[in-house]
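The values are calculated or read from the model by the stated rules, or taken from the named source; none is laboratory data. For clarity, every value in this text was computed on a predicted model and none was experimentally measured. A quick note on method: Cβ atoms are made from the backbone with ideal geometry, for glycine too, and the neighbour counts reach across all protein chains shown. All accessible areas refer to the heavy atoms of the entire protein, side chains included, with ligands and DNA or RNA removed. Shrake-Rupley method; radii C 1.70, N 1.55, O 1.52, S 1.80 Å.
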Amino acid sequence: MKTKLLIILSFFLSGEMFAQQLRVEPANWWVGMQVPQLQLLVYGKDIAAARPQLNYPGVTLQRVTRVENSNYLFLDLFIDNARTAPGKFDILFQKNNKTVNKYTYELLQRQPNSSSRASFTPADIIYLITPDRFANGDTANDRVASLKEGVTRADENGRHGGDLKGVTDHLDYVHDMGFTAIWMTPALQNDQPDYSYHGYSITDFYNIDARMGTNQQYKELSEKAARLGIKIVMDMVFNHCGSEHWWMKDLPSKDWINYSDNIRYTNHRKTVTMDPHVAKSDSVLLSDGWFVKTMPDLNQKNPLMANYLIQNSIWWIEYAGLGGIRVDTYPYPDMNFMADWTKRIAVEYPNMNIVGEVWIDNPGIVAYWQRGKKNQNGYVSWLPSLMDFPVQSALIKALTGEEKYNAGGFLYLYDMLANDFQYANADNLVVFADNHDIRRLYDQLGKDEDLVKLALTFVLTSRGIPQLMYGTELNMEGQTDGQIRSDFPGGWPGDAVNAFTGKGLLPAQQSMQAFVKKLVRWRQGHPVLSTGKLVHYRPLKEAYVYIRYNEKGRVLVVLNKNKADLSLDLAPYRAELGAARQGVDVLTGNSISLDRPVTVPARSPLIIEIMN
Ligand code: CA
């Protein structure tokens with residue numbers, strides 16, 4: 001009896017009896033961060049009426065901010081690294097000197113070298129995965145009672161059941177293919193009634209969607225990947241949330257969201273940022289207008305929101321051991337916020353590479369956003385990398401367009417690459433031929449496998465960081481978004497075709513998969529591809545020639561679009577080839593004499609590793 005009472009008493013004193021569970025974000029933090037400030041969002045019924053206090057050596061509660069909505073409190077903590085040990089402490093919330101609620105906060109020890117962690121570089125090759133569509137490793141999470149949308153695999157816009165376990169289970173495939181980084185489209189909770197599989201309508205920035213798995217599984221995926229030398233690149237969204245985000249039902253303040261009571265839509269004019277003739281109204285609408293009705297536009301000009309987003313990113317880097325970040329719709333959030341965000345990430349993680357999506361074919365506009373670029377209007381960006389949409393578009397035009405007198409064909413690509421002068425660091429751009437938003441490469445190139453091989457050869461041997469979309473190695477097809485992101489064969493129980501084992505693949509798919517694997521793995525062993533200079537030559541007769549070279553080696557690449565073999569005299573390339581007389585055909589392994597013209601097979605690439 002006495003014991004029972006004691007248990008009840010200690011239960012009461014421990015605070016478990018408080019009527020409501022507070023939501024506190026971030027739910028934990030770390031000791032030893034560069035920036036000692038931490039701002040907590042506290043959410044609970046009428047919590048603003050309470051007076052928060054805490055007592056932990058080294059930690060000071062510096063400021064309490066109350067907003068329009070009395071269900072929120074924002075607490076500014078100062079964590080003195082020199083005096084604070086990792087551990088737990090209670091934040092007490094008091095009314096009339098009585099504790100009405102409490103939250104046990106935890107400060108963790110950082111992983112060794114967390115700040116100086118490595119990130120993806122041109123030495124990496126990124127594999128892009130839409131996790132709902134890659135592999136269903138756990139059919140038990142296909143439907144989750146607390147979340148609105150279940151699985152309808154027959155619907156191209158529905159959820160198909162793929163998950164983090166599916167990716168984890170097949171890391172060996174990704175590793176075997178030679179990829180060293182995985183960019184996964186967002187796996188955070190998207191509790192929308194429909195069309196939620198893509199992940200870009202986030203309804204909880206701190207939790208993995210239960211249909212994808214758990215936070216713990218995300219962390220385990222990252223750890224297992226790291227053991228295989230694979231970095232996880234998290235896809236982050238700062239422009240918007242999902243309309244079913246938990247705070248949408250009870251906003252902290254009206255200005256948490258732009259146009260919260262009268263929706264206006266973005267004009268998508270990505271030129272407004274640098275256009276010297278721009279109208280203010282157009283400029284405001286790009287960043288403050290909503291993307292679509294189901295994606296409320298976050299107001300990053302609100303400093304509480306800005307802090308929330310910055311800390312959320314740092315939390316995920318620290319928690320999950322991230323090796324990179326991809327930022328969605330980079331020009332759409334407030335541009336000053338994006339500069340603050342990237343700068344803060346650079347302060348905490350000096351090596352962190354971050355690639356932004358600025359989806360436009362104009363290299364001048366893409367270059368504007370890269371760190372180191374001197375902009376006429378004085379805007380200073382801190383973004384290290386961008387998706388190379390201009391080269392993507394030029395590559396497809398080069399392979400599908402006919403060469404005419406001084407125009408067309410490979411001249412698209414040749415002329416586009418000349419624009420590298422506009423970039424602060426063209427070598428850190430991400431080069432790709434397709435992604436989750438544009439038609440599958442196989443479709444862009446008229447289902448022509450020869451052209452696909454030419455395109456992928458360029459992606460894997462040009463300057464920059466190559467990125468391939470899952471399934472491109474299998475000639476996967478797709479025009480609409482849902483088809484582009486179709487299911488990877490072998491990822492679902494009972495699949496007749498299994499690309500992980502090769503079972504049931506068509507000969508053309510086997511050939512493409514082997515081609516990609518060969519080139520990806522070969523690139524990994526040849527640092528000249530990631531560090532060498534690129535010199536290219538004016539395209540002639542439907543062929544494009546370039547050389548990658550430095551003290552680590554020399555590689556000559558020929559892309560031959562002709563329907564006939566090409567006999568290529570090497571004399572024009574002697575300045576870069578030097579006196580070398582022998583090379584190796586990378587795709588066949590055959591030895592090649594450089595003393596006489598080389599034969600480039602019809603509609604094929606020829607890659608020669610130059611031997612000294
Ligand atoms: Ca599943």
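Assuming residue 111 fulfils every condition listed in (1) more than 16 Å from the ligand (Cβ to nearest atom); (2) of a type outside the set (Gly, Ala, Ser); (3) part of a loop (DSSP other than H, G, I, E, B); (4) surrounded by 14 or more Cβ atoms within 10 Å (Cβ to Cβ) apart from one, which condition is it?
With respect to (1) more than 16 Å from the ligand (Cβ to nearest atom); (2) of a type outside the set (Gly, Ala, Ser); (3) part of a loop (DSSP other than H, G, I, E, B); (4) surrounded by 14 or more Cβ atoms within 10 Å (Cβ to Cβ), residue 111 is out only on (4).
Only one of these is on the phi < 0 side of the Ramachandran plot, within 16 Å of the ligand (Cβ to nearest atom), surrounded by 15 or more Cβ atoms within 10 Å (Cβ to Cβ) and not hydrophobic (A, V, I, L, M, F, W, C): 117, 133. Name it.
That would be 133, the only listed residue that is on the phi < 0 side of the Ramachandran plot, within 16 Å of the ligand (Cβ to nearest atom), surrounded by 15 or more Cβ atoms within 10 Å (Cβ to Cβ) and not hydrophobic (A, V, I, L, M, F, W, C).
Might you let me know whether region 217-233 holds any residue that is open to solvent by 10 Å² or more (accessible area, probe 1.4 Å) and assigned to a strand (DSSP E or B)?
So far as region 217-233 goes, yes, one or more of its residues are open to solvent by 10 Å² or more (accessible area, probe 1.4 Å) and assigned to a strand (DSSP E or B).
I'd like the full set of residues that are closer than 14 Å to residue 247 by Cα and crowded, with 16+ Cβ neighbours inside 10 Å, limited to region 70-82. Spell out the reasoning first.
So the first thing to find is which residues in region 70-82 are closer than 14 Å to residue 247 by Cα, and the list is 70-73.
Answer for region 70-82, where residues must be closer than 14 Å to residue 247 by Cα and crowded, with 16+ Cβ neighbours inside 10 Å: 71, 72, 73.
Suppose we keep only residues that are within 38 Å of the chain's Cα centre (by Cα) and of a type in the set (Ser, Thr, Tyr) within region 523-580. Which one would you say is surrounded by the most Cβ atoms within 10 Å (Cβ to Cβ)?
Filtering region 523-580 for residues that are within 38 Å of the chain's Cα centre (by Cα) and of a type in the set (Ser, Thr, Tyr), the one surrounded by the most Cβ atoms within 10 Å (Cβ to Cβ) comes out as 544.
Listed residues 423, 414; which is in contact with a His (Cβ under 7 Å, 6 or more places away or on another chain), more than 23 Å from residue 506 (Cβ to Cβ) and among the aromatic types (Phe, Trp, Tyr)?
Details: 423 fails: in contact with a His (Cβ under 7 Å, 6 or more places away or on another chain).
Of 423, 414, the one residue that is in contact with a His (Cβ under 7 Å, 6 or more places away or on another chain), more than 23 Å from residue 506 (Cβ to Cβ) and among the aromatic types (Phe, Trp, Tyr) is 414.
Looking at residue 272, is it among the β-branched types (Val, Ile, Thr) and in a helix (DSSP H, G or I)?
Considered against the rule, which asks whether it is among the β-branched types (Val, Ile, Thr) and in a helix (DSSP H, G or I), residue 272 comes out as no.
Of the residues that sit in region 583-602 and are outside any loop (DSSP other than H, G, I, E, B) and open to solvent by less than 80 Å² (accessible area, probe 1.4 Å), which one is farthest from residue 516 (Cα to Cα)?
Of everything passing the filter in region 583-602, 593 is farthest from residue 516 (Cα to Cα).
What are the residues in region 140-160 that are open to solvent by less than 20 Å² (accessible area, probe 1.4 Å) and either among the aliphatic types (A, V, I, L, M) or within 12 Å of the ligand (Cβ to nearest atom) (or both), if any?
141, 147, 150, 159, 160
Results for (1) at pLDDT below 95; (2) within 22 Å of residue 516 (Cβ to Cβ); (3) open to solvent by less than 10 Å² (accessible area, probe 1.4 Å); (4) of a type in the set (Lys, Arg), shown as yes or no for each residue.
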{"position": "396", "(1), (2), (3), (4)": "no, yes, no, no"}
{"position": "402", "(1), (2), (3), (4)": "yes, no, no, no"}
{"position": "413", "(1), (2), (3), (4)": "no, yes, yes, no"}
{"position": "447", "(1), (2), (3), (4)": "no, yes, no, yes"}
{"position": "461", "(1), (2), (3), (4)": "no, yes, yes, no"}
{"position": "465", "(1), (2), (3), (4)": "no, yes, yes, no"}
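In region 375-389, how many residues are among the hydrophobic types (A, V, I, L, M, F, W, C) and surrounded by fewer than 19 Cβ atoms within 10 Å (Cβ to Cβ)? Quick ask: steps written out before the conclusion?
From region 375-389, those among the hydrophobic types (A, V, I, L, M, F, W, C) are 380, 382-383, 386-387, 389; that's our starting set.
Narrowing further to those that are surrounded by fewer than 19 Cβ atoms within 10 Å (Cβ to Cβ): 380.
Here the count works out to 1.
Could you please find all residues in region 161-184 being outside any helix (DSSP H, G or I) and either within 16 Å of the ligand (Cβ to nearest atom) or open to solvent by 30 Å² or more (accessible area, probe 1.4 Å) (or both)?
161, 162, 163, 170, 184 - these are the residues of region 161-184 that are outside any helix (DSSP H, G or I) and either within 16 Å of the ligand (Cβ to nearest atom) or open to solvent by 30 Å² or more (accessible area, probe 1.4 Å) (or both).
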